[in-house]
Amino acid sequence: MNAPSSIPAPAVRPIRILLAAPRGFCAGVDRAIQIVERAVEKYGAPVYVRHEIVHNKHVVERLRALGAVFVDELDEVPVERPVVFSAHGVPKSVPAAARERQMLYLDATCPLVSKVHLDAERHYQAGFEIVLIGHAGHPEVIGTLGQLPEGAVTLLETVADAEAFMPRDPAKLAYVTQTTLSVDDTIGIVSTLRRRFPAMQAPHKEDICYATTNRQEAVKRMAEACDLVLVIGSQNSSNSQRLVEVALRAGASDARLIDDASQVDWAWFDGARTVGVTAGASAPERLIEDLVAAIAARFDAVVEEDPSARETVTFKLPRVLVD
């Protein structure tokens, strides 16, 4: 009787994974999450959070499990319980209402968003009409618009908006921007405004935050070599959406936004030799690790990363949570 012939297993296809650096959590997101965590530790559950603390469903679900309750408006919060304002910032009317109700509130607004608020206030007090470059309906934009009286700020979203805009006095015009925009898109809008209104005042310092800029630059560096770029981040995360756009513009053959590894369509990998992986500023590193592991389980994966690209920025927590 002849022994059965052995059939060799099919070879596992090699694939190169380029890990963008930096990626994932920024200092503002890390601070906001710590504020909720420490508030639960100090005051016990529930601690209320007005809107999502950051735009990532995994972060929100983990904090909810710890005892955070997410609400849309302040009047949903019992006056005896603490409330945290999200990292995106809030209109001035929100903390004013909290003070009127004698509530304990903790402001988790990213310091770089607060800087935009201060710039807008400074220009307004100096008598300037203010243009805000950003996306309508985004919580950060709503918060910035709400720093000043209605009509003091005009929102522009596109180059076409910048071409059509007519200020009251071109000599008394200033602009600020949402912190999570595409650097390249914003340059186009600002350039249009500068051509039309050369006297326009700029922010005291660049408004697009260091983390947004760094993550976009990291994607630009790797995109041209990639057949596919996977960006981990939630659909409502502006900075994550921008990373997909940047990857495609910088030369990636394909780019996709996913919440986590479970959303990967493995047909995207057909013919792909090099895959770029990054994450928006509100996405935990463990989601990157899970995605890399899922790719490595299906392919002969080699992971490459620039170890020198690290961020060292940190922001202080509110004193009431540190003492």
| request: Would you mention how many residues in region 162-176 are surrounded by 22 or more Cβ atoms within 10 Å (Cβ to Cβ) and of a type outside the set (A, V, I, L, M)? | output: 1
| said: Within region 142-155, take every residue that is assigned to a loop (DSSP other than H, G, I, E, B) and touching a Pro at 6+ places or on another chain (Cβ under 8 Å) and give me the one that is surrounded by the most Cβ atoms within 10 Å (Cβ to Cβ). | reply: GLN147
| remark: The one condition ARG62 fails out of (1) assigned to a helix (DSSP H, G or I); (2) more than 30 Å from ALA218 (Cβ to Cβ); (3) free of Cβ contacts under 8 Å to residues at least 24 places away in the same chain is (2)
| request: Run GLU41 past the list (1) of a type in the set (D, E, K, R); (2) more than 24 Å from ALA281 (Cβ to Cβ); (3) part of a loop (DSSP other than H, G, I, E, B) and report the number of the one that doesn't hold. | output: (3)
| note | TYR175 fails exactly one of (1) touching a helix residue (DSSP H, G or I) at 6+ places or on another chain (Cβ under 8 Å); (2) in a helix (DSSP H, G or I); (3) within 19 Å of ASP207 (Cα to Cα), namely (2)
| message | Please verify whether THR192 is more than 30 Å from VAL313 (Cα to Cα), at pLDDT 95 or above and in the same structural domain as ASP119 (by TED's automatic domain parsing), treating the condition exactly as stated. | response | yes
| of a type in the set (Val, Ile, Thr) and either more than 20 Å from THR212 (Cβ to Cβ) or crowded, with 16+ Cβ neighbours inside 10 Å (or both), is that true of THR158? | no
| message | Give me the residue from region 217-237 that is assigned to a helix (DSSP H, G or I) and hydrophobic (A, V, I, L, M, F, W, C) and, out of that set, surrounded by the most Cβ atoms within 10 Å (Cβ to Cβ). | response | VAL219
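The values are calculated or read from the model by the stated rules, or taken from the named source; none is laboratory data. Since we're looking at a predicted model, the values are computed, not measured. For neighbour counting, all protein chains shown are included, and Cβ atoms are generated from backbone atoms with ideal geometry for every residue, glycine included.
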